[in-house]
Amino acid sequence: MTTQPLETNLENCEISEQVITPWDVQGTDEKGIDYDKLIKKFGSQKITPEMLERFTKVTGHPPHHFLRRGIVFSHRDFDHILTLKEQGKPFYLYTGRGPSSGSLHMGHCVPFMFTKWLQDVFDVPLVIQMTDDEKFLWKDLTLEQAHKLAHENIKDIIAFGFDPEKTFIFCDLDYIPSCKEFYWNMNRIQKCVNFNQAQKIFGFDETSYIGKVSFPAIQAAPSFSTSFPHLFGGKKLSCLIPCAIDQDPYFRMTRDVAPRLSLPKPTLLHSTFLPALQGAQTKMSSSEANSAVEVCDTPNQIKKKINKYAFSGGKTSVQVTAKARSYWTTLGLGVGREQV
């Protein structure tokens, strides 16, 4: 199998000064991420009122408030999933979590809450990948530590109430060694993308570990139902992936590879980021404890974090003129308002 040029616009995800990658999110100013520019750069499609109307017609359910309010704002081929639902054909959901700390934070709750709702509405199987191997490669963690964090995070994920009969949660360090089909798909994907292409997509350089360069194939593999023979019996089913927009590079790559493997392209629904407590220029992060409210925080800890770190939209000083006072606080930029 020879490598070929990828179809879509797969440069490292920088938009002027705005940087969006799977590992870094930085806006250009206090207003945060410009999602309209992201849609244009990534080549995705904006979710329209017409699509939401079709969703209601096909499913018999009103759109989730994340869809109505633009928190889930972009998609790739979601019309295809609605057509499958209309025709009564099967598909499945796939989402995941990279366990870099002992618990989830509020930002992680957005895609999991939305995925739970999608599973209820569509009544379909769900696979949840815990990328403990990824965090071993990118963070200062041992394999044992990354694996333990994954199991701690799984407890939080189970609490969202996914259907236990239709949900498969797996850690890469456990499942990949036990499933030949998953590993074979990884190898097929790796053979379709050369280093130059991976470098343009993910920004790898000569200092990157070879494990980092090969990892995207691991996150891509669950997009293909043949990676889960015990769930789907080798059938080639379509996949719907709800995720934050920073994960899109993985699946743009996957969508380009899929036709060459005679497998369905994954469909995506993109969500916005919940901003860090310090402001909308970046997202909540487990790597920076004071940027996030964690699901295990006590009420007192939450109060302290918000009082000490949360950006309110206030200015640094008050001028004496009435006009200046009228601009002293920009409430629309406050993190508390955004999270409510």
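In Å, the Kirkwood hydrodynamic radius of region 158-259 over pairs of distinct alpha carbons?
Kirkwood hydrodynamic radius for region 158-259: 14.9 Å.
With a 1.4 Å probe and all protein chains in place, put Met51, Met106 in order of accessible area, largest first.
Met106, Met51
Which of the chymotrypsin sites (Phe, Trp or Tyr not before Pro) found in region 101-167 are in a DSSP loop and have at most 12 neighbouring Cβ atoms, other than their own, within 10 Å?
none
If you add up the charges near Pro125, with Lys and Arg at +1 and Asp and Glu at -1, over every other residue whose beta carbon is less than 12 angstrom from its beta carbon, what do you get?
In short, -1.
Rolling a 1.4 angstrom probe over the protein heavy atoms, how many square angstrom per residue are accessible across region 139-211?
For region 139-211, the solvent-accessible area averages 60 Å² per residue.
Using alpha carbons only, what's the Rg to Rh ratio of region 29-144 with Rh from Kirkwood?
1.02
Suppose every Lys and Arg Cβ carries +1 and every Asp and Glu Cβ carries -1, with no other charges. What dipole size does region 98-207 come out with about its Cα centre, to the nearest 20 debye?
240
In whole Å, how far is the Cα centre of region 147-174 from that of region 203-259?
One Cα centre to the other: 19 Å.
Dipole size in debye (nearest 20) for region 178-235 around its Cα centre, Lys and Arg Cβ +1, Asp and Glu Cβ -1?
That gives a dipole near 200 debye.
Ignoring ligands, DNA and RNA, what percent of the accessible area of region 30-147 is carbon or sulfur (1.4 Å)?
Looking at region 30-147 in its full context, I get 52 percent from C and S.
May I ask which of Lys139/Lys212; Lys41/Lys135; Lys180/Lys200; Lys235/Lys265 have a Cα-Cα span longer than 18 Å here?
Over 18 Å apart, Cα to Cα: Lys41/Lys135; Lys180/Lys200.
FRET efficiency for Lys31 and Ser178, Cβ-Cβ distance as r, R0 = 45 Å, nearest 0.05?
Efficiency, rounded to the nearest 0.05: 0.45.
What dipole magnitude, in Debye to the nearest 20, does region 11-140 give about its Cα centre under +1 on Lys/Arg Cβ and -1 on Asp/Glu Cβ?
500
Report, largest value first, the span of the C-alpha coordinates of region 50-94 along each principal axis, in whole Å.
If we take the Cα atoms of region 50-94, the spans are 29, 22, 16 Å.
May I ask for the net charge around Leu261, where only other residues with Cβ less than 11 Å from the Cβ of Leu261 are counted and Lys, Arg are +1 while Asp, Glu are -1?
+4
The values are calculated or read from the model by the stated rules, or taken from the named source; none is laboratory data. From a predicted model like this one, the values you see are computed outputs, not experimental measurements. Positions of Cβ are backbone-derived with ideal geometry, glycine not excepted, and every protein chain shown enters the neighbour counts. Quick note on the areas: whole protein, heavy atoms, side chains included, nothing else; ligands and nucleic acids left out. Shrake-Rupley method; radii C 1.70, N 1.55, O 1.52, S 1.80 Å.
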